[in-house]
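Remarks on the structure that follows.
The values are calculated or read from the model by the stated rules, or taken from the named source; none is laboratory data. Predicted model only: the values in this text are computed from it and were never measured. Reconstructed Cβ throughout: ideal geometry from the backbone, glycine too, with neighbour counts over all protein chains shown. Surface accessibility is based on the protein's heavy atoms, side chains included, excluding ligands, DNA and RNA. Shrake-Rupley method; radii C 1.70, N 1.55, O 1.52, S 1.80 Å.
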Amino acid sequence: MRTREGRRGLLFICILAAALLALFLLSFWLGRYDVPPSDVIRILLSRIFPIDASWTEQMEAAVLNIRLPRILLACMVGCSLATAGTAYQSVFRNPMAAPDILGASSGACFGAALAILLGFSRSGITALAFISSLLSVALVYTIARRTKGNRVTSLLLAGVMIGSLFSACTSYVKLVADPSNQLPAITYWLMGSLSGTRMNVVAFAAVPMLIGLAPLLILRWRINLLTLGEEEARSMGANTNRLRLVVILCATVLTAASVAVSGMIGWVGLVIPHLSRKLVGNDCRHLLPASALFGAIFLLLVDNISRNLLATEIPIGILTAFVGAPFFLYLMTRKEHLL
(Lines give C-alpha, C1' and ligand atoms only; values in the text may rest on other atoms or scores of the structure.)
Protein backbone atom coordinates (compact mmCIF):
# COMPACT_ATOMS: atom_id res chain seq x y z
CA MET A 1 0.00 0.00 0.00
CA ARG A 2 2.79 2.39 0.94
CA THR A 3 4.61 1.65 -2.32
CA ARG A 4 1.43 2.18 -4.31
CA GLU A 5 0.84 5.54 -2.60
CA GLY A 6 4.44 6.52 -3.28
CA ARG A 7 4.16 5.70 -6.97
CA ARG A 8 0.87 7.58 -7.20
CA GLY A 9 2.45 10.63 -5.56
CA LEU A 10 5.45 10.57 -7.92
CA LEU A 11 3.13 10.19 -10.91
CA PHE A 12 1.13 13.27 -9.96
CA ILE A 13 4.33 15.23 -9.30
CA CYS A 14 5.58 14.37 -12.81
CA ILE A 15 2.21 15.35 -14.31
CA LEU A 16 2.25 18.68 -12.46
CA ALA A 17 5.84 19.35 -13.58
CA ALA A 18 4.90 18.68 -17.22
CA ALA A 19 1.80 20.88 -16.92
CA LEU A 20 3.87 23.71 -15.42
CA LEU A 21 6.40 23.52 -18.26
CA ALA A 22 3.64 23.60 -20.89
CA LEU A 23 1.88 26.55 -19.23
CA PHE A 24 5.22 28.33 -18.80
CA LEU A 25 5.88 28.23 -22.54
CA LEU A 26 2.27 29.03 -23.44
CA SER A 27 2.32 32.15 -21.24
CA PHE A 28 4.92 33.80 -23.49
CA TRP A 29 2.47 33.63 -26.37
CA LEU A 30 -0.35 35.26 -24.42
CA GLY A 31 -0.47 39.02 -24.46
CA ARG A 32 -1.70 42.08 -26.29
CA TYR A 33 1.46 42.23 -28.41
CA ASP A 34 1.39 39.16 -30.64
CA VAL A 35 4.57 37.06 -30.74
CA PRO A 36 4.36 33.75 -32.67
CA PRO A 37 5.23 30.66 -30.60
CA SER A 38 8.10 29.76 -32.93
CA ASP A 39 9.67 33.18 -32.40
CA VAL A 40 9.14 32.90 -28.63
CA ILE A 41 11.14 29.68 -28.54
CA ARG A 42 13.86 31.07 -30.81
CA ILE A 43 14.16 34.24 -28.72
CA LEU A 44 14.53 32.22 -25.52
CA LEU A 45 17.06 29.85 -27.08
CA SER A 46 19.03 32.79 -28.46
CA ARG A 47 20.08 33.64 -24.92
CA ILE A 48 21.86 30.28 -24.78
CA PHE A 49 22.77 29.39 -28.36
CA PRO A 50 23.77 31.63 -31.29
CA ILE A 51 20.65 31.93 -33.48
CA ASP A 52 20.08 34.26 -36.42
CA ALA A 53 17.42 36.80 -35.54
CA SER A 54 14.13 36.36 -37.41
CA TRP A 55 12.18 38.56 -35.04
CA THR A 56 11.87 42.27 -34.39
CA GLU A 57 13.38 44.17 -31.49
CA GLN A 58 9.88 44.81 -30.17
CA MET A 59 9.20 41.06 -30.04
CA GLU A 60 12.45 40.44 -28.17
CA ALA A 61 11.72 43.24 -25.70
CA ALA A 62 8.20 41.92 -25.07
CA VAL A 63 9.44 38.38 -24.43
CA LEU A 64 12.63 39.04 -22.45
CA ASN A 65 11.96 42.32 -20.66
CA ILE A 66 8.23 42.12 -19.94
CA ARG A 67 6.88 38.58 -20.08
CA LEU A 68 9.88 36.54 -18.88
CA PRO A 69 10.31 38.38 -15.53
CA ARG A 70 6.57 38.34 -14.87
CA ILE A 71 6.17 34.64 -15.71
CA LEU A 72 9.16 33.69 -13.57
CA LEU A 73 7.90 35.75 -10.63
CA ALA A 74 4.39 34.29 -10.91
CA CYS A 75 5.84 30.77 -10.71
CA MET A 76 8.13 31.70 -7.82
CA VAL A 77 5.45 33.45 -5.75
CA GLY A 78 2.87 30.71 -6.34
CA CYS A 79 5.41 28.03 -5.43
CA SER A 80 6.51 29.87 -2.29
CA LEU A 81 3.04 30.69 -0.97
CA ALA A 82 1.73 27.15 -1.54
CA THR A 83 4.81 25.59 0.09
CA ALA A 84 4.59 27.96 3.05
CA GLY A 85 0.91 27.16 3.50
CA THR A 86 1.59 23.43 3.43
CA ALA A 87 4.36 23.82 6.00
CA TYR A 88 2.20 25.91 8.34
CA GLN A 89 -0.73 23.50 8.09
CA SER A 90 1.57 20.58 8.91
CA VAL A 91 3.34 22.31 11.80
CA PHE A 92 0.19 23.67 13.45
CA ARG A 93 -2.02 20.72 12.42
CA ASN A 94 -4.61 23.30 11.46
CA PRO A 95 -6.48 23.18 8.13
CA MET A 96 -7.05 26.95 8.28
CA ALA A 97 -3.36 27.79 8.62
CA ALA A 98 -2.14 30.06 5.82
CA PRO A 99 1.05 32.01 5.06
CA ASP A 100 -0.29 35.08 6.90
CA ILE A 101 -1.09 33.16 10.11
CA LEU A 102 1.91 34.62 11.99
CA GLY A 103 1.45 38.17 10.75
CA ALA A 104 4.05 38.05 7.96
CA SER A 105 1.67 39.44 5.35
CA SER A 106 0.39 42.19 7.64
CA GLY A 107 3.94 43.19 8.44
CA ALA A 108 4.88 43.33 4.76
CA CYS A 109 1.80 45.45 3.99
CA PHE A 110 2.75 47.96 6.67
CA GLY A 111 6.34 48.13 5.41
CA ALA A 112 5.23 48.70 1.83
CA ALA A 113 2.64 51.32 2.82
CA LEU A 114 5.21 53.16 4.94
CA ALA A 115 7.74 53.06 2.10
CA ILE A 116 5.19 54.51 -0.34
CA LEU A 117 4.33 57.21 2.19
CA LEU A 118 8.03 58.12 2.52
CA GLY A 119 8.48 58.24 -1.25
CA PHE A 120 10.75 55.22 -1.64
CA SER A 121 11.54 53.72 -5.03
CA ARG A 122 10.09 50.36 -6.03
CA SER A 123 13.23 48.60 -4.81
CA GLY A 124 12.98 50.41 -1.48
CA ILE A 125 9.30 49.45 -1.15
CA THR A 126 10.16 45.80 -1.74
CA ALA A 127 13.08 45.85 0.69
CA LEU A 128 11.15 47.57 3.50
CA ALA A 129 8.18 45.25 3.02
CA PHE A 130 10.49 42.24 3.32
CA ILE A 131 12.21 43.57 6.45
CA SER A 132 8.91 44.53 8.08
CA SER A 133 7.49 41.08 7.39
CA LEU A 134 10.43 39.36 9.08
CA LEU A 135 10.20 41.79 11.99
CA SER A 136 6.53 41.01 12.57
CA VAL A 137 7.18 37.26 12.79
CA ALA A 138 10.20 37.85 15.04
CA LEU A 139 7.89 39.75 17.41
CA VAL A 140 5.38 36.90 17.28
CA TYR A 141 8.01 34.32 18.15
CA THR A 142 9.46 36.47 20.95
CA ILE A 143 6.04 36.95 22.52
CA ALA A 144 5.21 33.24 22.20
CA ARG A 145 8.44 32.28 23.99
CA ARG A 146 7.57 34.49 26.94
CA THR A 147 4.07 33.09 27.41
CA LYS A 148 3.13 30.04 29.40
CA GLY A 149 1.19 27.08 28.10
CA ASN A 150 1.12 25.33 24.75
CA ARG A 151 3.75 26.76 22.37
CA VAL A 152 1.67 26.24 19.23
CA THR A 153 -1.35 27.99 20.71
CA SER A 154 0.85 30.84 21.91
CA LEU A 155 2.27 31.30 18.42
CA LEU A 156 -1.18 31.40 16.86
CA LEU A 157 -2.55 33.90 19.39
CA ALA A 158 0.54 36.10 19.13
CA GLY A 159 0.24 35.97 15.33
CA VAL A 160 -3.35 37.18 15.47
CA MET A 161 -2.40 39.99 17.84
CA ILE A 162 0.67 41.20 15.92
CA GLY A 163 -1.18 40.86 12.61
CA SER A 164 -3.99 43.06 13.90
CA LEU A 165 -1.48 45.59 15.22
CA PHE A 166 0.31 45.90 11.87
CA SER A 167 -3.03 46.08 10.05
CA ALA A 168 -3.98 49.01 12.26
CA CYS A 169 -0.64 50.67 11.47
CA THR A 170 -1.32 50.20 7.75
CA SER A 171 -4.75 51.78 8.15
CA TYR A 172 -3.17 54.78 9.86
CA VAL A 173 -0.63 55.16 7.06
CA LYS A 174 -3.51 55.14 4.54
CA LEU A 175 -5.30 57.76 6.63
CA VAL A 176 -2.38 60.23 6.52
CA ALA A 177 -1.31 59.44 2.94
CA ASP A 178 -1.84 61.90 0.11
CA PRO A 179 -5.25 60.94 -1.35
CA SER A 180 -4.28 61.95 -4.89
CA ASN A 181 -1.05 59.95 -5.30
CA GLN A 182 0.08 57.93 -2.31
CA LEU A 183 -3.25 56.45 -1.25
CA PRO A 184 -4.07 54.96 -4.69
CA ALA A 185 -0.55 53.49 -4.86
CA ILE A 186 -0.93 51.89 -1.42
CA THR A 187 -4.39 50.55 -2.25
CA TYR A 188 -3.21 49.05 -5.53
CA TRP A 189 -0.18 47.43 -3.86
CA LEU A 190 -2.40 45.88 -1.19
CA MET A 191 -4.57 44.24 -3.88
CA GLY A 192 -1.57 42.33 -5.23
CA SER A 193 -0.10 42.59 -8.69
CA LEU A 194 2.84 41.38 -10.78
CA SER A 195 2.69 44.20 -13.31
CA GLY A 196 5.88 46.06 -14.08
CA THR A 197 8.07 43.20 -12.87
CA ARG A 198 11.70 43.36 -13.94
CA MET A 199 14.56 40.91 -13.64
CA ASN A 200 16.11 42.78 -10.70
CA VAL A 201 12.92 42.09 -8.72
CA VAL A 202 13.09 38.42 -9.70
CA ALA A 203 16.73 38.27 -8.62
CA PHE A 204 15.91 39.95 -5.30
CA ALA A 205 13.16 37.43 -4.54
CA ALA A 206 15.06 34.37 -5.77
CA VAL A 207 17.64 34.36 -2.97
CA PRO A 208 15.30 34.32 0.09
CA MET A 209 12.88 32.01 -1.72
CA LEU A 210 15.67 29.51 -2.36
CA ILE A 211 16.86 29.85 1.24
CA GLY A 212 13.35 29.12 2.51
CA LEU A 213 12.39 26.41 0.01
CA ALA A 214 15.50 24.23 0.03
CA PRO A 215 15.44 23.27 3.77
CA LEU A 216 11.71 22.49 3.63
CA LEU A 217 12.20 20.11 0.71
CA ILE A 218 15.22 18.50 2.38
CA LEU A 219 13.39 18.08 5.71
CA ARG A 220 10.00 17.18 4.25
CA TRP A 221 10.12 13.61 5.56
CA ARG A 222 10.77 14.89 9.10
CA ILE A 223 7.90 17.38 8.85
CA ASN A 224 5.64 14.31 8.83
CA LEU A 225 6.65 13.75 12.46
CA LEU A 226 5.18 17.11 13.49
CA THR A 227 1.76 16.00 12.25
CA LEU A 228 1.79 13.13 14.76
CA GLY A 229 1.81 15.30 17.88
CA GLU A 230 4.45 16.24 20.43
CA GLU A 231 4.74 12.98 22.37
CA GLU A 232 4.79 10.67 19.37
CA ALA A 233 7.30 12.84 17.51
CA ARG A 234 9.65 12.94 20.51
CA SER A 235 9.35 9.20 21.01
CA MET A 236 10.67 8.80 17.45
CA GLY A 237 13.73 10.90 18.23
CA ALA A 238 12.66 14.24 16.77
CA ASN A 239 13.59 17.51 18.44
CA THR A 240 10.16 19.07 17.89
CA ASN A 241 11.03 22.56 19.12
CA ARG A 242 14.06 22.89 16.85
CA LEU A 243 12.30 21.32 13.88
CA ARG A 244 9.24 23.52 14.32
CA LEU A 245 11.45 26.62 14.54
CA VAL A 246 13.29 25.72 11.32
CA VAL A 247 10.04 25.05 9.45
CA ILE A 248 8.42 28.27 10.69
CA LEU A 249 11.50 30.33 9.79
CA CYS A 250 11.68 28.85 6.29
CA ALA A 251 7.95 29.31 5.68
CA THR A 252 8.18 32.87 6.99
CA VAL A 253 11.05 33.74 4.65
CA LEU A 254 9.04 32.35 1.72
CA THR A 255 6.00 34.38 2.73
CA ALA A 256 7.97 37.58 3.34
CA ALA A 257 9.75 37.38 -0.02
CA SER A 258 6.50 36.63 -1.86
CA VAL A 259 4.43 39.42 -0.32
CA ALA A 260 7.29 41.91 -0.64
CA VAL A 261 7.46 41.53 -4.43
CA SER A 262 3.81 40.87 -5.28
CA GLY A 263 1.65 42.50 -2.61
CA MET A 264 -1.23 40.73 -0.91
CA ILE A 265 -2.16 37.58 -2.83
CA GLY A 266 -4.49 35.50 -0.71
CA TRP A 267 -5.88 31.96 -0.86
CA VAL A 268 -2.93 30.38 -2.68
CA GLY A 269 -1.33 29.18 0.54
CA LEU A 270 -4.68 28.04 1.96
CA VAL A 271 -6.39 26.29 -0.96
CA ILE A 272 -3.53 24.76 -2.94
CA PRO A 273 -2.24 22.55 -0.07
CA HIS A 274 -5.72 21.05 0.34
CA LEU A 275 -6.08 20.43 -3.37
CA SER A 276 -2.62 18.86 -3.50
CA ARG A 277 -3.53 16.70 -0.52
CA LYS A 278 -6.45 15.32 -2.52
CA LEU A 279 -4.03 14.27 -5.26
CA VAL A 280 -1.01 12.87 -3.40
CA GLY A 281 -2.18 12.33 0.20
CA ASN A 282 -0.85 13.68 3.49
CA ASP A 283 2.75 12.46 3.19
CA CYS A 284 4.88 15.61 3.10
CA ARG A 285 7.52 13.82 1.04
CA HIS A 286 5.11 14.12 -1.88
CA LEU A 287 2.81 16.85 -0.59
CA LEU A 288 5.42 19.62 -0.43
CA PRO A 289 6.74 19.17 -4.01
CA ALA A 290 3.20 18.75 -5.33
CA SER A 291 2.03 21.91 -3.55
CA ALA A 292 5.01 23.87 -4.87
CA LEU A 293 4.29 22.84 -8.48
CA PHE A 294 0.54 23.26 -8.13
CA GLY A 295 0.96 26.71 -6.59
CA ALA A 296 3.18 27.81 -9.48
CA ILE A 297 0.64 26.51 -12.01
CA PHE A 298 -2.29 28.16 -10.24
CA LEU A 299 -0.76 31.60 -9.87
CA LEU A 300 0.68 31.59 -13.40
CA LEU A 301 -2.74 30.66 -14.78
CA VAL A 302 -4.47 33.37 -12.73
CA ASP A 303 -1.86 35.93 -13.79
CA ASN A 304 -2.44 35.07 -17.45
CA ILE A 305 -6.15 35.71 -16.92
CA SER A 306 -5.35 38.92 -15.03
CA ARG A 307 -3.38 40.47 -17.88
CA ASN A 308 -5.49 39.21 -20.79
CA LEU A 309 -9.13 39.09 -19.67
CA LEU A 310 -9.96 42.80 -19.88
CA ALA A 311 -8.45 45.89 -21.44
CA THR A 312 -7.45 47.02 -17.93
CA GLU A 313 -5.39 44.59 -15.87
CA ILE A 314 -7.20 43.08 -12.89
CA PRO A 315 -5.16 42.93 -9.65
CA ILE A 316 -4.21 39.31 -9.16
CA GLY A 317 -5.24 39.29 -5.50
CA ILE A 318 -8.86 39.88 -6.55
CA LEU A 319 -8.84 36.93 -8.94
CA THR A 320 -7.28 34.51 -6.47
CA ALA A 321 -10.05 35.39 -4.00
CA PHE A 322 -12.73 34.81 -6.65
CA VAL A 323 -11.29 31.38 -7.40
CA GLY A 324 -10.06 30.37 -3.95
CA ALA A 325 -13.02 31.26 -1.75
CA PRO A 326 -15.67 29.20 -3.63
CA PHE A 327 -13.32 26.25 -3.92
CA PHE A 328 -12.55 26.29 -0.21
CA LEU A 329 -16.27 26.41 0.56
CA TYR A 330 -16.61 23.31 -1.63
CA LEU A 331 -13.90 21.55 0.37
CA MET A 332 -15.55 22.50 3.66
CA THR A 333 -18.94 21.11 2.61
CA ARG A 334 -17.54 17.73 1.59
CA LYS A 335 -17.77 14.86 4.05
CA GLU A 336 -14.02 14.20 4.13
CA HIS A 337 -11.81 15.90 6.70
CA LEU A 338 -9.63 18.72 5.41
CA LEU A 339 -6.58 17.18 7.07
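General observations
- Accessible surface, the chain, averaged per residue in Å² (probe 1.4 Å): 48
- Packing-based order for 28-35, 46-53, using average beta carbon neighbours within 10 Å, highest first: 28-35, 46-53
- Packing-based ranking, highest mean first, of 267-276, 124-133, 251-260 given that Cβ atoms within 10 Å are counted: 251-260, 267-276, 124-133
- Only helices enter the 222 nm calculation for the chain: every DSSP H run of n ≥ 4 contributes -39,500 (n - 2.57), and dividing by all residues gives -25000 deg cm²/dmol, rounded to 500.
- Length-normalised contact order for the stretch 136-265 - Cα pairs under 8 Å, 6+ apart - percent: 28
- Between LEU210 and ASN239, the simple label model (points 7 Å from Cα in the Cβ direction) yields a spacing of 2.7 nm.
- Backbone HN-Hα couplings from phi across the stretch 25-31 [Karplus 6.51/-1.76/1.60, Hz, Gly and Pro as x]: 5, 5, 5, 5, 7, 7, x
- A full extension of the chain between THR147 and ASN65 corresponds to an added length of 24.6 nm, given 0.36 nm per residue minus the alpha carbon distance.
- Among VAL91, VAL176, VAL302, residue whose mean-square fluctuation peaks in a GNM of the chain (springs only between Cα atoms under 10 Å): VAL176
- Candidates PRO69, PRO99, PRO36: whichever shows maximal mean-square fluctuation once the chain is modelled as a Gaussian network with Cα springs under 10 Å: PRO36
- Mean separation of Cα contacts under 8 Å, 6 or more apart, over the residue count of the chain: relative contact order %: 29
- Accessible surface of the chain, 1.4 Å probe: 67 percent of it comes from carbon and sulfur atoms.
- A cut-off under 12 angstrom between Cβ atoms defines the neighbours of TRP55, and their net charge, with Lys, Arg +1 and Asp, Glu -1, is -4.
- Dimensionless Rg over Rh [the chain; C-alpha; Kirkwood]: 0.99
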